[in-house]
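Scroll down for the structure; my scribbles are underneath it.
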Amino acid sequence: MSLYREGSRAVEGITGPLLFVSGIKNGGYGEIVSIETGTSTLMGQVLQVEDEICVIQVFEDTMGLDPASTTVWLQRDVMRMPLSPALKGRVLNGRGEPIDHKGPIVYEEYRLPIQGLPLNPVMRSSPNAYIETGISSIDVMNTLVRGQKLPIFSGAGLPANELATQIVKQARVPGARGRFLPIFAAVGITAREAQYFINFFNDTGAIHNGIFFINLASDSAVERILTPRLALTAAEYFAFSLGYDVLVVITDMLYYCEALREISAVRDEVPGRRGYPGYMYSDLASIFERAGCVKGRKGSVTQLPIITMPGDDMTHPVVDLSGYITEGQIVLDRSLNDRNIYPPINVLPSLSRLMNKGIGKGRTVKEHRSLADQLYASYAKAKEVERLRLIVGEDGLTPEEKLFLRFGEIFEKEFLNQGNTYRDLKQSMEIAWDCLSVLPREALFKLSEDVITEKLAGRERKNQ
């Protein structure tokens, strides 16, 4: 940080988390500032520069701040995060400060700007390996690929947090044990949720193998803007400097966007869809696009952001825009949850656009893609027959349609409903083949005859 500082006491006003300061001629966008109040020192950053007026967003609460006794100092640097391998196993708040009572962190002389470093697009390498989450419906049908950004769309009250913690506990890159690092960032959560996360990670031992950022709903809106960027800065350091494959799980990006809307309203900006700022698309892209692999570097950054859909509405601006930026989606379904199916992942609207880059011969198994396609086709047919049964009744169905109904029941009960347990890819595929074995061979049109003969012959004899 530069030794040169420029100060001003001309604080024109305070509105929410924003300070309006005049008399500063050389302020720069994103520049870090310190705010001396006479009794304490707060931190903030320049949000907007117009003539000699600087709009500064304060990271802490501005309640009780007196403009007459406040001095703002420009630090001539952007906000940076100190980094060290010692971050592993620590719990931090939304400003990157340790809150786990394990003492201070010994940092290296290494600081990265939290906005991320520009990455030449031609230096990106194509993802080519899958990440095993231990969740059958993801690993078999919507495979997460190293370097991908794959959001989970959830409704209010659905077990998205439980699924997030399960993935943090179970996820790994096969063949890369010891060089895989989960980073968990909770944005705008309640104190009860924070305690749930911390207890879970302590009880399962996951606390020792990852980095955890906790931002509470009672913290400032500005801190919610910082938390995902701090998590991704740590991810980039461990991935591209230390060679880790890093999985970043962020919950909940809806609260991040609500903070964006709150700050935008304070600034009197012209609102966009449902009051969100018009730049929300580019702001979300500045977070999601920090996932990827880099040529010549061993590590990778993979993102699994969780986004709550208000009213289960997939056309909500936050959900809609996230879908444009990211590479697919995992959708949690309320009807499955109501039938006690966990995880309640509805595979039909779910999609992993990079799945083909991480599966197949030499990566998983050669028939992985065709098996997933067959499961999709068969389950879609089962749901279609369910709707038909409401019209014509059970007696109006053909014997083949009744077999598809049977497949749908087994698929949901055995394949989707795995509970809070870990399944490796081999186990998940075995269960998938067991489900398909109830169907006649002619219905398995997505699979080659050789594969059907090899995988289903024994199961057909068992079912006879």
So, in nm, how far is label Asp395 from label Asp203 when the simple model puts each one 7 Å beyond its Cα toward the Cβ? 5.1 nm
Going residue by residue through segment 198-210, the Karplus relation 6.51 cos²θ - 1.76 cosθ + 1.60 with θ = phi - 60° gives ³J(HN,Hα) values, rounded to whole Hz and with x marking Gly or Pro, of 5, 4, 4, 5, 5, 5, 8, x, 5, 4, 7, 10, x
Quick one: net charge of Leu321's neighbours, Cβ under 11 Å, K/R +1, D/E -1? -1
Residue-level accessible surface for Glu52, protein heavy atoms, 1.4 Å, Å²: 90 Å²
Taking H placed 1.01 Å from N in the peptide plane, check which residues at least 5 places from Gly328 or on another chain put their amide H under 5 Å from its amide H. Arg353
Counting only protein heavy atoms with a 1.4 Å probe and every protein chain in place, the carbon and sulfur fraction of the accessible surface of the chain in whole percent equals 51 percent
For segment 63-69, take each phi angle, set θ = phi - 60°, evaluate the Karplus expression 6.51 cos²θ - 1.76 cosθ + 1.60, and give the result in whole Hz per residue in order, putting x for glycine and proline. 4, x, 6, 9, x, 5, 10
Could I have the simple spin-label model distance between Tyr107 and Thr315, label points 7 Å from Cα toward Cβ, reported in nm to one decimal? 4.7 nm
Report the extension gain between Tyr196 and Val266 in nm, rounded to one decimal, defined as 0.36 nm multiplied by the number of residues separating them, less their alpha carbon distance. 21.9 nm
Expressed as a whole-number percentage, the relative contact order of the chain with C-alpha contacts under 8 angstrom and at least six residues apart is 16 percent
Take the Cβ-Cβ distance between Lys426 and Ala10 as r, set R0 to 56 Å, and report the resulting FRET efficiency rounded to the nearest 0.05. 0.25
How many Å² of accessible area per residue for segment 96-243, probe 1.4 Å? 37 Å²
Exposure rank, largest accessible area first [Lys149, Lys102; 1.4 Å]: Lys102, Lys149
Ile325 and Leu119 label points (each 7 Å along its Cα→Cβ direction) are spaced in nm at 1.4 nm
As a test question: what accessible area, to the nearest 10 Å², does Glu269 have when a 1.4 Å probe is rolled over all protein chains in place? 50 Å²
When the Karplus curve 6.51 cos²θ - 1.76 cosθ + 1.60 is applied with θ = phi - 60°, which whole-Hz ³J(HN,Hα) does each residue of segment 257-266 get, with x for Gly and Pro? 5, 5, 5, 4, 5, 5, 5, 4, 5, 5
Regression test value, accessible area per residue of segment 11-63, probe 1.4 Å, units Å², expected 46 Å²
Run the 1.4 Å probe and let me know the accessible area of Leu119, rounded to the nearest 10 Å². 70 Å²
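The values are calculated or read from the model by the stated rules, or taken from the named source; none is laboratory data. Remember, predicted model here, so these are calculated numbers, not experimental data. With ideal geometry, Cβ positions are generated from the backbone for all residues, glycine too; neighbour counts draw on all protein chains shown. Note: accessible area is taken over every heavy atom of the protein model, side chains too, but ligands, DNA and RNA are not part of it. Shrake-Rupley method; radii C 1.70, N 1.55, O 1.52, S 1.80 Å.
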